[in-house]
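Report on the following structure.
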Amino acid sequence: MLPSHVSLVVAGGGPAGFMAAITAAEGLRLQAAASPAVLVLEATPEPLHKVLISGGGRCNVTHACWDPLALVAYYPRGGRALRGPFSRFATAETVAWFERRGLALVEEADGRLFPRSQRSVSVVDTLRREAARAGVGLLTGEALQAAVARPGGGFELRLRSGALLRADRLLLATGSHPSGHRLAVGLGHTVVPPVPSLFTLRLADHPLADLAGVVMDPVGLELTLAGTASRRQRQSGPLLITHWGLSGPTVLRLTAFAARDLKQAGYRGELRVDWSGGRSQLQLQELLAELRRDQARKQLSNARPWPELSRRLWLHLLDRLGVDAELRWADLGRRPQEALIEALRASRYQVSGRGPFGEEFVTAGGIALGEVNLATMESRRQSGLYLAGEILDVDGVTGGFNFQHCWSSGWLAGQAIAAAGP
Ligand SMILES: Cc1cc2nc3c(=O)[nH]c(=O)nc-3n(C[C@H](O)[C@H](O)[C@H](O)COP(=O)(O)OP(=O)(O)OC[C@H]3O[C@@H](n4cnc5c(N)ncnc54)[C@H](O)[C@@H]3O)c2cc1C
């Protein structure tokens, strides 16, 4: 039975909505003897669906970045504005929150934190169990369709089924779904237009197609986009060559930071790739001079400049420059030597479009941060309205940062709602 009046309606049963609902219900229960009336409305039959499919079925819950000031650097949208929220609830608080509720997290070599069970369903089970324990009501297959602020405070809500409901407070945690944006606009907000973030890159005529599967680390990337006012975008780290173009954490980071400019440039531009592992021109000149001296009789194909340089990539670069791989190092002339150094430091490729998305797919854009009090997540446009998670104009790079923002903003909203009282 749907109650006719509740303290809080949370629209959206994702990670941000669950964190906010649990925190609010726990806080309100301390103040009132009766179970608080907190209701989560989830449009689909399956709440926390993205948590379930996240991290390849393992759920990358957060990232072992313990300093809130360092953490903000992982958010192309949000950034410095998140300093305040993260100083109250960030990685350490998230790990402790889950551990207190029986879910231990383990760190991988690259800093990503996963449930010890290595199964995302553990995260889903923990959130659902804690919500039930806190007395949170959950209505699935029911969407919030319209919300009108009442003159004396609170909201009149209409659900997809036609049911009507009154709520003292409303939290929108509908992720990137347009219905949440529409509801927020109806309550006085503006939406920074959504664009995709965290995707891979397609290369024109894919000159590296034969190298699909090759991983190089570190690789330096510099993206130049025609017709955009922005500076060049640079990133460095591991890169994976795929059969359509380039992927790997560095490419995802690059596309996240350049998401808007890439959209504006029609996903076309020039990518300069530094395969040299960060070696300077001088260091490469010295390295090649050493090879000419110490490996003089060896063929180029059998003595590549350094062991971590993929042999397939090395042969490809020689071929691309028309340098005979059978040539001995002693016989390598000055001009081809210079061309090789240039190819190792700054090979140029034309980006022709977006490739498939990476493991994590998020949307850049959403409710403008200036319209929200980031200490409480309450709207500055409409009292009693709260916003948390991906509905906001915040997105992180891949590695657990997107969920971290959901835990932080959800917790802050829940705390503020509880502090405001039943
Ligand atoms: C395949 C994939 C893998 C990912 N892996 C990771 C990862 O490992 N680590 C990480 O940090 N991030 C990951 N992400 C990103 C992460 O899932 C999102 O950032 C996060 O789920 C956003 O949470 P949210 O609660 O804001 O919104 P969502 O998770 O999108 O939840 C919003 C919910 O609201 C519901 N809804 C929408 N409109 C209404 C309405 N009008 N009424 C009622 N309900 C409504 C939706 O059905 C949805 O269930 C991944 C994303 C994808 C797609």
Exercise for review: Test Arg348 against the criterion of being under 30 Å from Arg29 (Cα atoms), surrounded by fewer than 22 Cβ atoms within 10 Å (Cβ to Cβ), modelled with pLDDT of 95 or more and under 29 Å from the mean Cα position of the chain (by Cα), and give yes or no.
Suggested key: no
Exercise for review: Note down all Cβ pairs under 8 Å where the first residue falls in region 4-27 and is touching a residue at least 12 places away in the same chain (Cβ under 8 Å) and of a type outside the set (Gly, Ala, Ser), the second is within 6 Å of the ligand (Cβ to nearest atom) and assigned to a helix (DSSP H, G or I), and they're at least six residues apart or on different chains.
Suggested key: Val10/Gly17; Pro15/Lys50; Pro15/Gly389; Pro15/Phe403; Pro15/Cys406; Met19/Cys406
Check your understanding: Counting only residues that are under 23 Å from Pro151 (Cα atoms) and aliphatic (A, V, I, L, M), which one in region 168-194 is nearest to the ligand (Cβ to nearest atom)?
Key -> Leu183
Study note, to complete from the structure: Checked region 92-119 for anything under 21 Å from Thr23 (Cα atoms) and within 18 Å of the chain's Cα centre (by Cα); matches are Thr94
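From the list Thr126, Thr140, pick out the single residue that is within 11 Å of the ligand (Cβ to nearest atom) and assigned by TED's automatic domain parsing to the domain that holds Gly27.
None of the other options fit; the residue is Thr140.
I need the full set of residues from region 204-225 which are in a loop (DSSP other than H, G, I, E, B) and either at positive phi or buried (at least 16 other Cβ atoms within 10 Å of the Cβ) (or both), in order please.
Residues satisfying the conditions are Asp205, His206, Leu208, Gly213, Val214, Leu225.
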Point to revise | Residues satisfying the stated conditions in region 364-373, i.e. crowded, with 20+ Cβ neighbours inside 10 Å and either in contact with a Gly (Cβ under 6 Å, 6 or more places away or on another chain) or not hydrophobic (A, V, I, L, M, F, W, C) (or both) | key: Gly365, Gly366
Practice item. Pairs only if they're at least six apart or on different chains, beta carbon under 7 angstrom, first in region 359-380 and in the same structural domain as His177 (by TED's automatic domain parsing) and modelled with pLDDT of 95 or more, second of a type in the set (Phe, Trp, Tyr) and crowded, with 20+ Cβ neighbours inside 10 Å; list them, first residue then second. Key: Met377/Tyr386; Glu378/Tyr386; Ser379/Tyr386
Revision key, fill the gap. For region 376-397 the number of residues that are within 10 Å of the ligand (Cβ to nearest atom) and either among the aliphatic types (A, V, I, L, M) or over 25 Å from the mean Cα position of the chain (by Cα) (or both) is 6
Check your understanding: Of all residues in region 313-344 being in contact with a strand residue (DSSP E or B) (Cβ under 9 Å, 6 or more places away or on another chain) and not acidic (Asp, Glu), which is nearest to Leu284 (Cα to Cα)?
Key -> Leu344
Study note, to complete from the structure: Note on region 187-203: residues over 16 Å from Asn402 (Cα atoms) and assigned to a strand (DSSP E or B) are Val191, Val192, Pro193, Thr200, Leu201, Arg202, Leu203
Review point. Hey, which of the helices (runs of 4 or more DSSP H) in region 43-101, taking only ones fully inside, have at least 3 residues that are at pLDDT 95 or above and within 12 Å of the ligand (Cβ to nearest atom)?
Key: 49-53
Practice item. Scan region 159-176 and give yes if some residue there is of a type in the set (Gly, Ala, Ser), outside any helix (DSSP H, G or I), surrounded by fewer than 19 Cβ atoms within 10 Å (Cβ to Cβ) and free of Cβ contacts under 8 Å to residues at least 60 places away in the same chain, otherwise no. Key: yes
Exercise for review: Check Pro249 against each of (1) modelled with pLDDT of 95 or more; (2) buried (at least 18 other Cβ atoms within 10 Å of the Cβ) and name the one condition it does not meet.
Suggested key: (1)
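This table checks each residue for (1) touching a Phe, Trp or Tyr at 6+ places or on another chain (Cβ under 9 Å); (2) among the hydrophobic types (A, V, I, L, M, F, W, C).
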{"residue": "Gln299", "(1), (2)": "yes, no"}
{"residue": "Pro336", "(1), (2)": "no, no"}
{"residue": "Gly355", "(1), (2)": "yes, no"}
{"residue": "Ala375", "(1), (2)": "no, yes"}
{"residue": "Ser383", "(1), (2)": "no, no"}
Review point. If we keep just the residues of region 310-334 that are among the acidic types (Asp, Glu) and in a helix (DSSP H, G or I), which is surrounded by the most Cβ atoms within 10 Å (Cβ to Cβ)?
Key: Asp331
Practice item. Report whether or not Val148 is surrounded by 14 or more Cβ atoms within 10 Å (Cβ to Cβ) and either away from the ligand (no atom under 13 Å from the Cβ) or not in a strand (DSSP E or B) (or both). Key: no
Check your understanding: If you check Val38 against the conditions, is it touching a residue at least 24 places away in the same chain (Cβ under 8 Å), within 12 Å of the ligand (Cβ to nearest atom) and surrounded by 13 or more Cβ atoms within 10 Å (Cβ to Cβ)?
Key -> no
Review point. Can you name the number of the only condition in (1) within 15 Å of Ser409 (Cα to Cα); (2) of a type in the set (Phe, Trp, Tyr); (3) surrounded by fewer than 22 Cβ atoms within 10 Å (Cβ to Cβ) that Trp66 fails?
Key: (1)
**Study point:** Selection count where residues are surrounded by 14 or more Cβ atoms within 10 Å (Cβ to Cβ), farther than 28 Å from Asp217 by Cα and of a type in the set (A, V, I, L, M), scope region 98-120
**Key:** 1
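The values are calculated or read from the model by the stated rules, or taken from the named source; none is laboratory data. Please read all numbers here as calculations on a predicted model, not as lab measurements. Cβ sites come from the backbone with ideal geometry, for glycine too, and all protein chains shown count toward neighbours.
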